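Trainee: Questions regarding the structure given below will be posed in turn.
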Amino acid sequence: MTLARLRLARTDGIGPLTFRRLLARHGDPEAALAALPALSAKRATAYAPPAEAAARREVAALAKLGGRFVFLDDPLYPPLLALLADAPPALAVVGDASLLAAPAVAVVGARNASSAGRRVAEELSAALAGKGLTVVSGLARGIDTAAHEGALRTGGTIAVLPGGLDVPYPQENAELVARIAEHGAVVAESPLGTAPQNRHFPKRNRIVAGLSLGVVVVEAAHRSGTLITARMALEQGREVFAVPGSPLDPRCRGSNDLIRQGAHLTESADDVLDHLPEAPRAGPLFDPARMGSAEAHGAAEAADGLGAPPEGSDEVIELIGLSPVSVDEVLRRCHLTAPELQAVLTDLELEGRVELLPGHRVMRSPNG
């Protein structure tokens, strides 16, 4: 089962939503893999899952690093992350996998952080970890690095990598990765050997937010990647906190603006603990519990692949262009319910006509 799940997750063109839908329709990963040739007939490019030998090599290479894969239906899969409609089907984990289910707070911020910002992030993370919370961050220079360092002083931390688990980024943090693997957990969605690229960072950011009950921003310029993480946290129903900074420092304009928009002003761990919920405020637009059930699609369709195109496909495809658009916006402009739209979008992705992106966004496929 591990190899089949990994092969399905690593198949080009099959994203997180589609992975879930295929498993729901076909019952197990082997049956889903067997259905891919029939599904490929509807696409310009056929689905080509990696060979079993390649999946076996990746599992062995991860084990050699002391790690393992955690899949969506694994008891160790982080429950908060599983609430995301686009939760990663497979996570490579080195270290204490049980930390993935522990209550967590993300601490993120600027790469070119000030010395004061790094000190705040380190002390805040140490205090939060000392209170029993796991501190999550993205291992970037500056605030992220300070957050991991602070948390290691008093408790546990999770580092989420943008590339493969065996490709520390930045390279200067290789030693820090080793310490986190020993006293916390290091997590990656991408296959081993993957060098980080720009498109990997939003995916990394959604995992950072998805693992956490809240996200604390320490220094963020306007239009920074940190603000993307904060936006994803809001979309996921998580709390957003921000440390105030000097209005004269451009590194603080984005974080100060978050406070202006309603983020919790944060100067100490108590400011976080006072507003940290026990659970997210609301589930995602696409409820994972309702993803593509056999009752919704019929037993014959579950056996035969896609079956007839879902009603509303033409309307939905007309609302989606070559630039990413929020799924919420598509929902507002079409006549479908959220579960119906989820079914349409997943089938359109299977056909190669749209691409489902992190943060509940969608765009038309250039080849669709």
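Trainee: Consider the range 108-131. How many of its residues are crowded, with 23+ Cβ neighbours inside 10 Å, touching an Asp or Glu at 6+ places or on another chain (Cβ under 7 Å) and either closer than 30 Å to Gly193 by Cβ or among the polar types (S, T, N, Q) (or both)?
Mentor: Adding up the residues that qualify gives 4.
Trainee: Any chance the range 213-222 includes a residue that's buried (at least 21 other Cβ atoms within 10 Å of the Cβ), closer than 25 Å to Ser115 by Cα and among the acidic types (Asp, Glu)?
Mentor: yes
Trainee: In this structure, is Ala343 under 27 Å from the mean Cα position of the chain (by Cα), at pLDDT 60 or above and of a type in the set (A, V, I, L, M)?
Mentor: For Ala343, the condition - under 27 Å from the mean Cα position of the chain (by Cα), at pLDDT 60 or above and of a type in the set (A, V, I, L, M) - is met.
Okay, residues lined up against (1) farther than 23 Å from Thr346 by Cα; (2) not in a strand (DSSP E or B):
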residue: Ala61; (1), (2): yes, yes
residue: Phe69; (1), (2): yes, no
residue: Pro75; (1), (2): yes, yes
residue: Pro88; (1), (2): no, yes
residue: Val93; (1), (2): yes, no
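Trainee: State whether one or more residues within the range 205-227 are β-branched (Val, Ile, Thr) and more than 19 Å from Thr157 (Cβ to Cβ).
Mentor: Within the range 205-227, not a single residue is β-branched (Val, Ile, Thr) and more than 19 Å from Thr157 (Cβ to Cβ).
Trainee: Now, a different point. Among the residues of the range 1-52 satisfying the criterion of being aliphatic (A, V, I, L, M) and not in a helix (DSSP H, G or I), which is most open to solvent (accessible area, probe 1.4 Å)?
Mentor: The selected residue is Met1.
Trainee: Here is a further query. I need the full set of residues from the range 320-331 which are farther than 7 Å from Val362 by Cα, surrounded by fewer than 17 Cβ atoms within 10 Å (Cβ to Cβ) and not acidic (Asp, Glu), in order please.
Mentor: Across the range 320-331, the qualifying residues are Gly321, Leu322, Ser323.
Trainee: Which of (1) outside any helix (DSSP H, G or I); (2) of a type outside the set (A, V, I, L, M, F, W, C); (3) open to solvent by less than 10 Å² (accessible area, probe 1.4 Å) does Arg206 not meet, given it meets every other one?
Mentor: Going through (1) outside any helix (DSSP H, G or I); (2) of a type outside the set (A, V, I, L, M, F, W, C); (3) open to solvent by less than 10 Å² (accessible area, probe 1.4 Å) one by one, Arg206 breaks only (1).
Trainee: Of (1) more than 26 Å from Ala116 (Cα to Cα); (2) in a helix (DSSP H, G or I); (3) among the hydroxyl-bearing types (Ser, Thr, Tyr), Thr145 satisfies all except one. Which?
Mentor: Result: Thr145 passes all but (1).
Trainee: Let me ask you something else. Take the residues of the range 332-368 that are assigned to a helix (DSSP H, G or I) and open to solvent by 40 Å² or more (accessible area, probe 1.4 Å): which is farthest from Leu83 (Cα to Cα)?
Mentor: Arg333
Trainee: Please determine whether any residue of the range 164-179 is open to solvent by less than 10 Å² (accessible area, probe 1.4 Å), modelled with pLDDT of 95 or more, in a loop (DSSP other than H, G, I, E, B) and touching a strand residue (DSSP E or B) at 6+ places or on another chain (Cβ under 9 Å).
Mentor: Within the range 164-179 (the criterion being open to solvent by less than 10 Å² (accessible area, probe 1.4 Å), modelled with pLDDT of 95 or more, in a loop (DSSP other than H, G, I, E, B) and touching a strand residue (DSSP E or B) at 6+ places or on another chain (Cβ under 9 Å)), the answer is yes, since at least one residue qualifies.
Trainee: Determine whether Val105 is assigned to a strand (DSSP E or B), closer than 26 Å to Ala263 by Cβ and open to solvent by less than 10 Å² (accessible area, probe 1.4 Å).
Mentor: yes
Trainee: Here is a check on your reading of the model: is Thr157 at negative phi, buried (at least 24 other Cβ atoms within 10 Å of the Cβ) and of a type in the set (Val, Ile, Thr)?
Mentor: Against the criterion (at negative phi, buried (at least 24 other Cβ atoms within 10 Å of the Cβ) and of a type in the set (Val, Ile, Thr)), Thr157 qualifies.
Trainee: Only one of (1) assigned to a helix (DSSP H, G or I); (2) within 22 Å of Pro280 (Cα to Cα); (3) over 14 Å from the mean Cα position of the chain (by Cα) fails for Val217. Which number is that?
Mentor: Just one mismatch for Val217, condition (1).
Trainee: Select from the range 242-251 the residues that are open to solvent by less than 60 Å² (accessible area, probe 1.4 Å) and outside any loop (DSSP other than H, G, I, E, B) and write down the one among them that is farthest from Ala121 (Cα to Cα).
Mentor: The selected residue is Ala242.
Trainee: Tell me, which residue of the range 223-241 that is under 26 Å from Val94 (Cβ atoms) and outside any helix (DSSP H, G or I) is least open to solvent (accessible area, probe 1.4 Å)?
Mentor: That would be Arg238.
Trainee: Scan Asp86, Asp96, Asp73 and give me the residue that is surrounded by 15 or more Cβ atoms within 10 Å (Cβ to Cβ), at pLDDT below 95 and of a type outside the set (S, T, N, Q).
Mentor: Asp86
Trainee: Search the range 115-135 for residues that are farther than 13 Å from Val216 by Cβ and of a type in the set (Lys, Arg) and pair each with any residue that is in a helix (DSSP H, G or I) and open to solvent by less than 50 Å² (accessible area, probe 1.4 Å) when their beta-carbon atoms are under 7 Å apart and the residues are at least 6 apart or on different chains.
Mentor: Note: pairs meeting the criteria are Arg118/Ile143; Arg118/Ala146; Lys131/Ala269.
The values are calculated or read from the model by the stated rules, or taken from the named source; none is laboratory data. The structure presented is a predicted model; accordingly, all values stated were derived computationally and were not measured. Using ideal geometry, Cβ is built from the backbone for each residue, glycine included, and neighbour counts are taken over all protein chains shown. With ligands, DNA and RNA removed, areas are computed over all heavy atoms of the protein, side chains included. Shrake-Rupley method; radii C 1.70, N 1.55, O 1.52, S 1.80 Å.
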